[in-house]
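Everything on this sheet refers to the single structure shown next.
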Amino acid sequence: FAKFLYDYGYVHTLHFRISTAGGIVSANIDKQIKSKASLITIDMGKATFTAKEIPVNCQEAECFGCRIDIGGTQLTIHCVSVGNPHCVIFTDTLDEQQVRTLGPLIENHPMFPNRINVQFVRPISDSEIEMLIWERGAGYTLASGSSSCAAVAVAHKKGLTGKEVVVNMPGGKLIITLDSDWNIRLCGSVSQIAEGVLSDELTEELNRL
């Protein structure tokens, strides 16, 4: 979205702010190719592990390292909010079919009153992880910025990574950086994949909503 705003002239500076449902985030255009944004850094806000703020129905102050039964499978989950709720699960092997099977069961579990995004994460080193994603309301997803932020925040809190981590996903990679107060910065390359025009009929219908 930041690329769209910059490339199409809705903003005229390299640094600008965007109001989202999760709060205001700052965007910086780091690199351009032919006056189009090619590398962007986003200040994504702050991670919180407090159960009631995520929210998670949990007796503990944090749902971090909790064990739950999902479809007969025992899982250890770690929950965090980065403006939206996330449930992170660490695994030695990433399995897309497992994500597609367990993802919707976790998303809609009674522990999560607003449902939840799910990440299956395999640590590679203290500066790199790989991840598969089940996104709340969307299903299996090839890449996600907020999921990357959530996964790195949890991995760092568990002592598995440092504060700057490369996140590898089927849809691409991002670099996530944390500070000592759990503020998160996301950096990644961007490219336009499509352009379209809405019909007059659809535009009229949307304007009536």
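The values are calculated or read from the model by the stated rules, or taken from the named source; none is laboratory data. Everything quoted here is computed from the prediction, not taken from an experiment. FYI the Cβ positions are ideal-geometry reconstructions off the backbone, even for glycines, and counts take in every protein chain you see.
Summary table
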quantity	calculated
Subset of region 93-120 [under 16 Å from GLY172 (Cβ atoms) and not polar (S, T, N, Q)]	LEU94
Flag if VAL56 is outside any strand (DSSP E or B), touching a residue at least 12 places away in the same chain (Cβ under 8 Å) and under 21 Å from the mean Cα position of the chain (by Cα)	yes
Sole exception among (1) in the same structural domain as ILE54 (by TED's automatic domain parsing); (2) at pLDDT below 95 for LEU198, by number	(1)
Lone unmet requirement of (1) over 16 Å from SER189 (Cα atoms); (2) at pLDDT 95 or above; (3) of a type outside the set (Lys, Arg) for GLY22	(2)
Positions within region 138-172 being free of Cβ contacts under 8 Å to residues at least 60 places away in the same chain and within 19 Å of GLY23 (Cβ to Cβ), in sequence order	SER144, SER148, VAL152
Region 89-104: number of residues that are assigned to a helix (DSSP H, G or I) and either buried (at least 19 other Cβ atoms within 10 Å of the Cβ) or under 19 Å from the mean Cα position of the chain (by Cα) (or both)	6
Restricting region 145-178 to residues that are closer than 16 Å to VAL190 by Cα and of a type in the set (Gly, Ala, Ser), the residue that is nearest to the chain's Cα centre (by Cα)	SER146
Elements of type strands (runs of 3 or more DSSP E) in region 121-209, at least 3 residues being buried (at least 17 other Cβ atoms within 10 Å of the Cβ)	128-135, 164-169, 172-178, 183-189
Of all residues making up region 59-88, the number that are assigned to a strand (DSSP E or B) and either under 14 Å from the mean Cα position of the chain (by Cα) or surrounded by 21 or more Cβ atoms within 10 Å (Cβ to Cβ) (or both)	9
Residue match in region 102-122 (condition: under 30 Å from GLY9 (Cα atoms), in the same structural domain as VAL165 (by TED's automatic domain parsing) and touching a helix residue (DSSP H, G or I) at 6+ places or on another chain (Cβ under 9 Å))	no
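Condition check ((1) among the aliphatic types (A, V, I, L, M); (2) closer than 14 Å to ALA150 by Cα) across all residues:
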| residue | (1), (2) |
| --- | --- |
| ALA37 | yes, no |
| PHE49 | no, yes |
| PHE64 | no, yes |
| ILE70 | yes, no |
| CYS87 | no, yes |
| THR91 | no, no |
| ASP126 | no, no |
